[in-house]
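For reference, the structure is listed below as structure tokens.
The values are calculated or read from the model by the stated rules, or taken from the named source; none is laboratory data. Please read all numbers here as calculations on a predicted model, not as lab measurements. Using ideal geometry, Cβ is built from the backbone for each residue, glycine included, and neighbour counts are taken over all protein chains shown.
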Amino acid sequence: MNNTSTQTPPNRFSLFTAALFGLFLMVGLVSCGGGGGGSEPTPIVNTVNKTVAGYYTGSAAVKMADNFTALAIPDLRVFVQGSRIMAMGLLDDAANFVLYDIAISSITGTSYSAVVTVYKAGVNIATANVTGTITEGTSLEGTFAGSGIANGTFTVAFNADAKMADLSVNVNPDYRGSINASGIDLRLEIDATGDVVSSASSTDAIILAGCDVVTGSSLTAITDENLYDLVFVLSGCDDATVDGSYTGLSSISDDLIQPLINGFIHFAFSNGSFAGTAVFGG
């Protein structure tokens, strides 16, 4: 119970005790946000990092190009870290894979506001506002306020199959898989320090055809989370404008046949103009 009286009861406290008591009150007011004259949103970087960071799966319901016809994304894979949410999924065919790269600007209680950059088939096609709610450590919901595939909602739940980030389980694995909805066309080697290089170039990957993942690329395990920070440096791409540095997030899920041995690695990365999504097997 807070005592707002400024009077000190007579003969109850020494001057030193009264001063110490006042100091405690001041600290309490600061820690509770008192004296500020208003309620500031809790920074998402502090809230999300320790409460909802991780790998999620679920679905989305958006619109087709006419902004009316419903379009489902039944398999939406989502990474949440700091103020960034990356959600990747397939639309009606392989050429229409999508990545939502969401930057949260504010959060109050369980509600957040954000801006999303939408990549379709690897290319930035739109931006839109997003609002949603967070249930700590359990689920995440959002509503896109744009048009087409940037118009709709998504709901995802924390995926417990994703392993806690630990580079020690990735000693010299050779991951192979499709990138940007292509056939199996890229091999990645990841060493125990998190350095990543490709042992074979991408072949028919949409937008990222012919690309090599070169020195400077890395995975960094995020402490106490099932996520890795990702940096890919691409070089030698068929389209030279695609070359360059990308940032993103990644997670590794158990292999059901050989648990805890490499497993499956999920990638989402972008650079403001282009993007990549992938699921590789170890």
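Would you check which residues across the range 105-121 are modelled with pLDDT under 95, among the β-branched types (Val, Ile, Thr) and part of a strand (DSSP E or B) and list them? Residues satisfying the conditions are 107, 108. Can you confirm whether the range 169-185 contains a residue that is among the charged types (D, E, K, R), surrounded by 15 or more Cβ atoms within 10 Å (Cβ to Cβ) and modelled with pLDDT of 90 or more? The answer is no, given that none of the residues of the range 169-185 is among the charged types (D, E, K, R), surrounded by 15 or more Cβ atoms within 10 Å (Cβ to Cβ) and modelled with pLDDT of 90 or more.
Taking the condition modelled with pLDDT under 85 and under 15 Å from the mean Cα position of the chain (by Cα), does residue 137 pass? Please lay out each step first, then the result.
Numbers: modelled with pLDDT under 85: yes; under 15 Å from the mean Cα position of the chain (by Cα): yes.
In short, yes.
State whether one or more residues within the range 141-156 are surrounded by fewer than 20 Cβ atoms within 10 Å (Cβ to Cβ), of a type in the set (Gly, Ala, Ser) and either under 17 Å from the mean Cα position of the chain (by Cα) or not assigned by TED's automatic domain parsing to the domain that holds residue 79 (or both). There is no residue in the range 141-156 that is surrounded by fewer than 20 Cβ atoms within 10 Å (Cβ to Cβ), of a type in the set (Gly, Ala, Ser) and either under 17 Å from the mean Cα position of the chain (by Cα) or not assigned by TED's automatic domain parsing to the domain that holds residue 79 (or both).
Of all the numbered requirements in (1) without any contact (Cβ under 8 Å) to a residue 24 or more places away in the chain; (2) assigned to a helix (DSSP H, G or I), residue 160 misses one, and that requirement is (2).
Results for (1) touching a residue at least 40 places away in the same chain (Cβ under 8 Å); (2) assigned to a loop (DSSP other than H, G, I, E, B), shown as yes or no for each residue.
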| site | (1), (2) |
| --- | --- |
| 130 | no, no |
| 140 | yes, no |
| 187 | no, no |
| 198 | no, no |
| 202 | no, yes |
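Across the range 225-256, what is the number of residues that are hydroxyl-bearing (Ser, Thr, Tyr) and surrounded by fewer than 15 Cβ atoms within 10 Å (Cβ to Cβ)? Please lay out each step first, then the result.
Taking the range 225-256 first, the residues hydroxyl-bearing (Ser, Thr, Tyr) are 228, 235, 241, 245-247, 250-251, 253.
Okay, now just the ones that are also surrounded by fewer than 15 Cβ atoms within 10 Å (Cβ to Cβ), so 241, 245.
So the answer is 2.
I need the full set of residues from the range 186-206 which are buried (at least 22 other Cβ atoms within 10 Å of the Cβ) and within 22 Å of the chain's Cα centre (by Cα), in order please. Residues satisfying the conditions are 188, 190, 196.
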